[in-house]
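Data block below; observations after.
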Amino acid sequence: MKITAIRLDRMRIPLDPPFLAAWDPVPRRWFGATLVRVETDEGVTGVGSGGTMDGFAPYEELFLGRDPRQIVRHVQTIETIGFHVGRYWPLEAALWDIAGKLSGQPVAVLFGGARASLPAYASFGELKSPAERADSVVAAREAGFRAVKIRISRADVASGVAAVRAAREAVGDGVEIMVDLNQWWRMPGDISPALDAASVRRLASELRDLGVLWLEEPLPAGEVDGMRMLREQTGIRVAGGEMARTPAELLDVISAGALDVVQPDAVLAVGMLRARTVGEVALLRHHWFTPHTWTDGLGLIANLHLVAGVGGGPYVEFPYDPPGWTEQRRDFFLAAPVRIDSGGCLQVPAGPGLGVQIDEDAVSHWALP
Ligand SMILES: [Mg+2]
């Protein structure tokens with residue numbers, strides 16, 4: 001069996017200006033989506049997505065003519081490319097889609113088959129006023145979510161804490177609340193100072209008193225001792241690693257006792273195979289493993305197979321922040337949107353591979369020139 005072609009369908013995603021401005025002053029390509037299709041000489045095609053795949057074309061020949069089932073070899077090859085240029089992990093997701101289709105099994109089963117579903121948490125992206133955020137948490141609870149994650153800007157911690165407090169007062173203890181400070185990574189061009197460790201420690205103490213389940217990426221990448229001390233000094237759970245560049249970075253942070261919740265995104269950070277290894281190490285150390293999923297619906301599904309396969313949790317991230325971020329934006333090129341069930345859970349697609357169908361009309365409609 002051989003890979004005969006790797007096709008990239010590049011698409012744009014419209015985003016509301018307020019949402020976009022919260023993340024980055026300049027709209028750029030990383031808010032686009034690229035569907036990767038790996039075609040084979042036996043007619044089986046795998047799909048993956050999660051990054052732009054910009055700059056991949058010169059490296060295509062490293063995969064053409066190879067057996068798509070040699071996934072370790074392909075992962076190692078993607079790592080050598082990523083050392084120099086981009087991280088082309090959506091390609092690996094497409095290879096797992098092929099492997100699942102060939103075996104007639106969901107990728108989650110190939111990854112261990114620990115669970116068939118996981119409770120989802122509504123992961124918010126926008127910065128909203130305390131009243132608006134409290135309303136959105138109430139609405140998320142009514143939509144079936146048992147947990148939510150609120151983003152706090154390091155530029156306005158007071159408003160962020162006020163939003164968390166308003167949310168807690170609105171829903172009591174019936175909804176778990178997580179908080180993300182997003183300090184482990186930066187948008188290109190963002191060279192503003194990080195929030196310092198003393199401020200973060202005060203923030204963590206306030207959030208702990210508000211019953212926050214975890215504080216995500218409280219300190220910049222590499223601040224391993226700081227994250228460990230934050231855990232020890234405040235008692236709050238620390239989460240992170242969604243955009244880590246290597247498995248070694250994640251394993252070192254776990255070994256240093258700096259994380260309670262380990263979150264590499266399988267299609268952005270280190271790939272599915274490596275994230276599986278990191279996840280299993282985290283679980284063997286009795287930490288939580290629950291990957292970041294903020295790319296698009298197909299990237300979300302790849303991470304769902306991973307976390308369900310290895311038995312991570314306790315929740316899976318579900319990007320959801322209407323009206324700025326909706327299933328129409330997240331899942332626009334899937335034939336069916338990804339939805340939680342009546343119990344607030346995401347079911348792993350039961351079909352072989354990643355188990356998703358592509359909406360070809362949407363791929364054409366949103367195609368970048
Ligand atoms: Mg995050």
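The values are calculated or read from the model by the stated rules, or taken from the named source; none is laboratory data. The shown structure was predicted, so the numbers you read here are calculated from the model rather than taken from an experiment. Counting neighbours? That spans all protein chains shown, and the Cβs are built from the backbone with ideal geometry, glycine included. Just so you know, the surface numbers come from the protein's heavy atoms only, side chains and all, with ligands and any DNA or RNA stripped out. Shrake-Rupley method; radii C 1.70, N 1.55, O 1.52, S 1.80 Å.
Counting Lys and Arg as +1 and Asp and Glu as -1 over every other residue whose Cβ lies under 12 Å from the Cβ of E79, the net charge comes to +3. If you wrap a convex hull around the alpha carbons of region 110-347, what volume per residue comes out, as a whole number of Å³? Per-residue hull volume (Cα only) is 118 Å³. Each Lys or Arg adds one and each Asp or Glu subtracts one; over the other residues with Cβ under 13 Å from the Cβ of L64, this totals -2.
Among 207-218, 271-282, the peptide with the highest mean count of other Cβ atoms within 10 Å heads the list, and the full ranking is 271-282, 207-218. When a 1.4 Å probe is rolled over the protein heavy atoms, the share of accessible surface on region 156-240 that falls to carbon and sulfur comes to 49 percent.
Computed on the chain, with alpha-carbon pairs under 8 angstrom and 6+ residues apart, the relative contact order is 21 percent.
Taking the Cα centre as origin and putting +1 on Lys and Arg beta-carbons and -1 on Asp and Glu beta-carbons, what dipole magnitude results for the chain, to the nearest 20 debye?
Details: 36 positive and 46 negative charges, 78 e Å.
It works out to roughly 380 debye.
Measuring with a 1.4 angstrom probe and ignoring ligands and nucleic acids, R73 comes out at about 60 Å² accessible. Once the chain from S192 to R285 is taken as fully extended at 0.36 nm per residue, the excess over their C-alpha distance is 30.0 nm. A simple spin-label model places pseudo-atoms 7 Å from Cα toward Cβ; at A155 and A350 they are separated by 4.8 nm. Using just its DSSP H runs of length 4 or more, each adding -39500 (n - 2.57), the chain gives a mean residue ellipticity at 222 nm of -11500 deg cm²/dmol after division by all residues. Available extension along the chain between R73 and S342 is 92.8 nm, counting 0.36 nm per residue and deducting the alpha carbon span. Full extension of the chain between L210 and D252 yields a length gain of 12.1 nm, computed as 0.36 nm times the residue separation minus the alpha carbon distance. Summing charges over neighbours of L273, with a neighbour being any other residue whose Cβ is under 15 Å away from its Cβ, gives 0 when K and R count +1 and D and E count -1. Reducing region 296-325 and region 109-133 to their Cα centroids gives an inter-centroid distance of 6 Å.
Placing dummy labels 7 Å off each Cα toward the beta-carbon, the span from T277 to S199 is 3.8 nm. Rounded to the nearest 10 degrees, the angle from helix 130-143 to the longest Cα principal axis of the chain is 50 degrees.
What order do you get for 41-50, 313-322 when each peptide is scored by the mean count of other beta carbon atoms within 10 Å, highest first?
Top to bottom by mean Cβ count within 10 Å: 313-322, 41-50.
Between A143 and K2, the C-beta separation translates, for a Förster distance of 56 Å, into a calculated FRET efficiency of about 0.80.
Listed by chain and number, the lysines whose C-alpha is less than 29 Å from the C-alpha of K149, apart from same-chain residues fewer than 8 away, are K128.
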